[in-house]
1. What accessible area per residue comes out for the stretch C:5-366, rounded to a whole number of Å², with a 1.4 Å probe?
2. Longest span of chain A, sites excluded, free of GluC sites (Glu not before Pro) in DSSP loop with at most 15 other C-beta atoms within 10 Å?
3. Express in nm, to one decimal, how much length is gained between residue A:357 and residue A:36 on full extension, taking 0.36 nm for each residue of separation and deducting their alpha carbon distance.
4. Testing the spin-label approximation: label points 7 Å from Cα along Cα→Cβ at residue B:28 and residue B:128. State their distance in nm.
5. Calculate the dipole size of the protein assembly as shown relative to its Cα centre from +1 charges on Lys and Arg beta carbons and -1 charges on Asp and Glu beta carbons; express the result in debye to the nearest 20.
6. Go through C:181-188, C:145-152 and give me the packing order, highest mean Cβ count within 10 Å leading.
7. Excluding ligands, DNA and RNA, what is the solvent-accessible area per residue of chain A at a probe of 1.4 Å, expressed in Å²?
8. Indicate the gyration tensor shape class of the stretch B:3-159 (rounded, prolate or oblate), computed on the Cα atoms with a ≥ b ≥ c the square roots of the eigenvalues: a/c under 1.5 is rounded; otherwise a/b larger than b/c is prolate and the rest oblate.
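The values are calculated or read from the model by the stated rules, or taken from the named source; none is laboratory data. These numbers come from a predicted model, not from an experiment. So basically every Cβ, Gly included, is an ideal-geometry build from the backbone, and we count neighbours across all protein chains shown. Quick note on the areas: whole protein, heavy atoms, side chains included, nothing else; ligands and nucleic acids left out. Shrake-Rupley method; radii C 1.70, N 1.55, O 1.52, S 1.80 Å.
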Amino acid sequence: MAINLKGIVSPYNALKQIGRKPHTVQYPFQKKEAAQRYRGFHYNDLEECIGCGTCATICQNEAIDMIFIDGFETTSGDSGLRPRVDNGRCCWCALCVDSCPTGSLSLTKDYLHVSDDPDTFLLVPGLDNPEGKENLSWISNGNSLLDYQRIPMPELEGKERVKSFAEVVLGYSEDQARAEAARCVGCGICTDNCPVHMHIPEYINAIARGDDEMAVKIIYDNNPLGETCGKVCTRRCEEICAVSKRGEPIAIRWLKRYATEKAKNKDILKEIVNPTILPPNGHSVGIIGAGPGGLTVGYYLALRGFDVTIYEAKDHAGGMIMYGIPKYRLPIDSIDKQIEYMKSIGVKILFNTKVGKDISFNELKQKHEAIYIGIGFEVPYKLGIKGEDAEGSIQAINFLRAINSEKHVEIGDKVVVVGGGNVAIDAARVSRRLGAEVTILYRRRVEDMPADWEEIEGAEEEGVIIHPQAIPLEIITDENNKVKAIKYANAEMIPDPKGGRPRPKIIEGDEHIIEVTSVIAAIGQEADYSFLPQEVLESIEIKRGRIVVNEYQQTKLPWLFAGGDIANRRADAISAIADGYRAVKGIEMLLLNKEIKNGGRLN
Amino acid sequence: MDKDFINENKTIEEIKNTFHSAEAKLQRKNRIIVKLRSDLIPPFLSYAKNYLSFDHLAHFSCVDWIEDNQFELVYILYSYEKNIIAIVKTRIDREKAEFVTVKHLWRQAETFEREFHEMYGINFTGNNRLTEFILEDWDDIPPMRRDFDTMQYSKENFYTRPGREDAQDVREVITKKSGEKIPDFAKEFSVRKLK
Amino acid sequence: MREKETTLYFGPQHPGITGNMMVKLKVAGDTIVKAETHVGYLHRAFEKLMERRTWMQSFPIVCRICVPEPDPNEENLARAVEEIEGREVPERAKYIRVMVLELSRLAAYFLWMGGQSGTAGLYTVPQWSVGDRDYILDLFEELTGGRIYHMYIWAGGVRRDLPEGFADKVLKTMDYIESRLPEYDKLMFDNAIFQKRAQGIGVIDKDKALEWGVVGPPLRGCGIKHDVRKDEPYEVYDKLDFVVPTYEGGDIWARAMVRRKEMEQSISIIRQVIEKMPGGEYYNKVPTPLNWFVPPGEAYVKTESARGEFGYYVVSDGSLKPRRVHVRGPAYVHGVSLLENILVGANISDVAMIMNSLGVCPPEIER
């Protein structure tokens, strides 16, 4: 056998390496710096973090706990909790970072921790390692697993819209709704801002899982006008959505709309919601006004076995949602379906029955053990300028009511709307549909307008001209006392020395006149309490036009409850529903609790 | 017939002609799925190996369809000659989980069968080596059965290191502040219940 | 005279960087009469755990199935999910994936060189090869944020784009590795000791190799030319120019030579990938992981790992979590039925050599 000389000699080549610089790092004298993306210990920007807990949910090792730490409390938009990482369990997959909605959580280049005390492996990122901020490595910026883009809502085009009162929003398809619902991280931060505290993450999750009927059932658990809210809610929930910190909030309202529309009629709705109706308990409650608040009280009290009667002055239930909101936002079929459903579970509504005219308040009081007032703000404020009583000067609320009652209103072809709230925008958009050119005059800047930005955008798309920082001075009339033009002055914004919002101040001499056929004023409304007897008015407290109530919407008179616009400043349907829901609790406590303390005062 | 999948479709035809009750279909390029009655599996596999040149048992899997009370046995065969993978599936009863071995066709099947015996409790007749394989002194139900709850097992058998009891649930903290009461029927839709 | 049979427990310490596992040997003198594989020391129930985790949460798990080479696992799960979902992967991501897979193949071969020569008693090579492997791990650290568990390839593409200047660094490292290969030849492959220990040992019967389920370098070491990258090209392997080396003999030596040649191919593939890599997107986003439902379906996908065909059978029932993720690593066959077979007749001192040359990796046998 030949000797493998090469095989014996060649390994000695390794000797050539003697004296060469070693490849190894001389630890601990020399330290190897981690790569720019190294996945080391966590760092959390405690101020940016809102405690949504998505990190804890996604963590597949259950390494992350949400805990209370000093200096942070549960507030609106922040659970007050902050993550704590158990580095004994963490696997540094960084799923928590990549799915952090706010982007507050990151990983750092630090990776060394040596200790014989296992407790030191618990780390509250950001609190225990503030120096980590300088050392960020793995960040989610631009690489998030979350979807920050909302599924756009299909809508009629602006040009199409002004041709009719057809509903502008077309609604999500099933695929769109699933995709939009899938964006939700389910933290529930939003529920705190909802006046009713609807179970938002639960019904969105039900939609994401494809169980639309369950979503409807969950919605109706504490909101009997889910479909209305799905169309016109002011959606304060979306303002604090965790995803909105870096992107567009989940379309909570549109998802509610999608789910509730699945119930095509009242029978299907009843079948889906399938509420438990308790046997009659012998107590009787009267409700004045079939607005969203009154209907809520009626619905939940009826479910709980109360005998409820709603007294409504008009021939249709719904209050402001029926008469104040234009039909292109909330079609009448939708309202009817919801009202019919309520009637089917035992809510009695007496139409064309105005308390104080068709029936006296005292009569009501004799018939019922408790009364809930939800009459809303029906009387419009006046502009307080010359020419306001002329023909062609209209109040927005009356205008909308007439249009929604399918009455004809002559506005001509050139309309000016004064105001910047949702009512003003509604009046403007309705006027566009009646064929008029519309200009909105608003005292402050566009960003100060109390109306929804979507509404403002919608108006602009439909060709409404918005003229901000314009203060009306006078309505000019012709010889027949008919509106001819409006005079207004431009205003500049003066910063408030106290730090409040800037105030408009008329620029002297900068006055203009627009020729118009009508002026629609939309600067606010107030309530008409004249139906209340003197002794009631004296016993309750009315402050700045609103009745003072406690947390159960109870007035100073134990048997009298009030809610909606006459009791809260938010002036939206969801707040009225919330008031109604609270009043239900109060009335239940008052009438079913045998031992009533404080002469019936709750709390 | 799609001309892109001549080989695949030809094989499917051959299978259907020989085994009339076989449900054979194309899954995608290089993949066919064959569903068979369980008693036809041994003759089919033998046929596939000897006549259709499926000489490589690439994989052998088992899926627990607890809702149907069945186990699905999945033989993944590969033909080097045809460059096709045949996913051969059959279902067997879950309660009386028994099947026959195929280790005489592919020796590595023995290992898979040992694993399924241990992990699913399936008895493969003809395999005399169904001994302890991966687990040691296991005394619970076969752990890959879907009714075996890992979380519960771990709670019963291991202790949690103290020091993390102060953990809060975000949803609970918020409902506590707002007074929201989540009805029972909605609770399972809380995303927090992922685990 | 018939020698007395003795039982010898080989392991469960690492017999040459393979992972904890035990082979129960019946020996007569120095010769093995019977071998029985005993695994279970590294069972982490990953397949069971994945049934309780969402699809996205499964990605950080599967990479842990194999320490030397985690990426084929991520690749398999990603491709399986993409196949079930019908999800498109951006072209750039495909190139990045191939680059990662080939880098990980190189890293795995370096580790194998260390183990293989270490078990032959050549202790300089492991020092070198583990050191040179670290240069590849440095690249991984920069690209993926982790040296060992990359968690980088996932459904829809890859997790992050290449950092700035990364391609140049890869090319530089490739040049360095290429320059090192002749040194390894001198130390290991030309080494008379290694050749003596490898040639004619642990022979796999060529006629039976296919039937026994042998895959990867052991199969190609029998002169049979099969490679998943050619048989069923995934990602962009069909656009790349490379050959599948084979070697005759079916022994440890043949398998070593196949691997040695494949290292050159991998370097060439990586260079081509960097040259051809297009710009654009690197990730086709999946839905928010908390609400990511994968439609019902099943897929069997395979990837050519450094040790051979790595297969995943994945079943989705349409829910948030996988119904079944069944992993079939090459070692599942190599390490049990094949090893038990070819150990018979071998010497005790060759056991670790044979295990290493087959790429036995217990963590993927028991997951």
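1. Numbers: 10190 Å² over 362 residues.
I get 28 Å² per residue for this part.
2. Result, exposed sites excluded: A:158-405.
3. 107.8 nm
4. Modelled inter-label distance: 4.4 nm.
5. For this selection, approximately 1260 debye.
6. Numbers: C:181-188: 18.1, C:145-152: 22.2.
Order by mean packing, descending: C:145-152, C:181-188.
7. Values: 26250 Å² over 603 residues.
Ligands and nucleic acids excluded, the figure is 44 Å² per residue.
8. Cα axes put the stretch B:3-159 in the prolate bin.
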